[in-house]
Amino acid sequence: MERRDVRGHYEELAAEYDEHWVYGPDYIPWMSARIAEALRLTATDRIADIGSGTGLFAREVAASLKLRQPILCVDPSEAMLRQIGTPPPPALHPIVASAEDIAEERISLPYEQLDAMWLKESVHHLPDQARTLHGLAARLAPGGRLLVVMLPAAIQYPLFEAALARFEELQPDPADIVSHLRAAGLEAGLTHVEHELRIDRDKYLAMVQARYMSLLSTFSDSEIEKGIEEMRAAHPEPVLVFPDRFAFILGERTAVGDRQGGDA
């Protein structure tokens with residue numbers, strides 16, 4: 001297995017990232033609406049998208065809520081954040097920083113505290129998930145909400161077998177994330193949402209070849225090509241149809257006294 005260079009992976013993918021992530025016209029609005037509903041977002045909330053990438057979901061959330069202050073789009077990849085726009089739209093405020101930078105208060109934010117934040121499919125990149133989530137939770141205002149959106153421990157994507165096996169090897173268990181948020185002093189629970197994806201097979205194969213998932217950056221060029229051939233044989237149909245299922249872990253700070261954390 002090749003060593004994963006997550007930041008380098010996204011730097012290379014930045015210019016084409018939106019193209020690879022927009023499975024179809026309904027996907028971004030659907031996911032953005034689920035995020036906004038889960039977090040119970042309002043127009044006055046101080047919000048951060050941790051690991052925002054190009055701001056795909058933050059942009060949609062901001063447009064739907066008519067926010068009074070911009071969403072902080074936090075990502076360690078400057079190349080990804082540049083795709084938000086130069087200058088960025090008023091509703092989005094890019095910040096070049098990692099989740100750890102925010103958790104450990106290594107940089108200052110425009111907001112003293114946050115009412116809501118989300119991490120979409122980025123928690124698996126955290127070397128120390130418990131510590132970082134604890135630090136992020138500490139930046140919530142009383143009543144603040146933290147949402148972790150992640151894939152479950154196993155997926156039904158039409159990937160090649162080695163990729164599916166490696167995913168299960170590397171993917172954190174959502175139940176562990178619930179435990180981390182509770183240990184950080186939040187009331188936390190787990191739910192699931194699901195969306196049916198329909199995508200042209202050739203487009204999906206091109207996405208795999210471009211390593212649209214960071215998981216695929218752990219495979220060599222020859223392994224990717226072999227995997228694509230396996231996928232072609234297994235899926236002769238012109239349109240791939242498969243479920244995209246997500247775990248939604250929501251943590252909530254219910255009282256000022258909870259700020260220091262503790263078992264719940």
Pair list, Cβ < 9 Å and 6+ apart or interchain, from region 176-204 residues that are free of Cβ contacts under 8 Å to residues at least 60 places away in the same chain to residues that are among the charged types (D, E, K, R) and crowded, with 17+ Cβ neighbours inside 10 Å: GLU194/ASP244; GLU196/ASP244
Meets criteria (surrounded by 19 or more Cβ atoms within 10 Å (Cβ to Cβ), aliphatic (A, V, I, L, M) and touching a residue at least 12 places away in the same chain (Cβ under 8 Å)) for LEU114: yes
Among residues belonging to region 102-120 that are in a loop (DSSP other than H, G, I, E, B) and touching a helix residue (DSSP H, G or I) at 6+ places or on another chain (Cβ under 9 Å), point out the one that is nearest to ALA58 (Cα to Cα). LEU109
Among the residues of region 51-100, the number that are in contact with a Lys or Arg (Cβ under 9 Å, 6 or more places away or on another chain), crowded, with 21+ Cβ neighbours inside 10 Å and farther than 21 Å from ASP115 by Cα is 3
Which number in (1) among the polar types (S, T, N, Q); (2) more than 18 Å from GLY185 (Cα to Cα); (3) assigned to a helix (DSSP H, G or I) marks the one condition that THR132 misses? (2)
Subset of region 181-205 [under 13 Å from THR132 (Cα atoms) and either touching a Ser or Thr at 6+ places or on another chain (Cβ under 9 Å) or not in a helix (DSSP H, G or I) (or both)]: ALA184
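Quick note: the coordinates plus some simple rules give every number you see, no bench work behind them. As the structure is a computational prediction, the values presented were derived from the model and not from experiment. Virtual Cβ from ideal backbone geometry, glycine too; neighbours counted across all protein chains shown.
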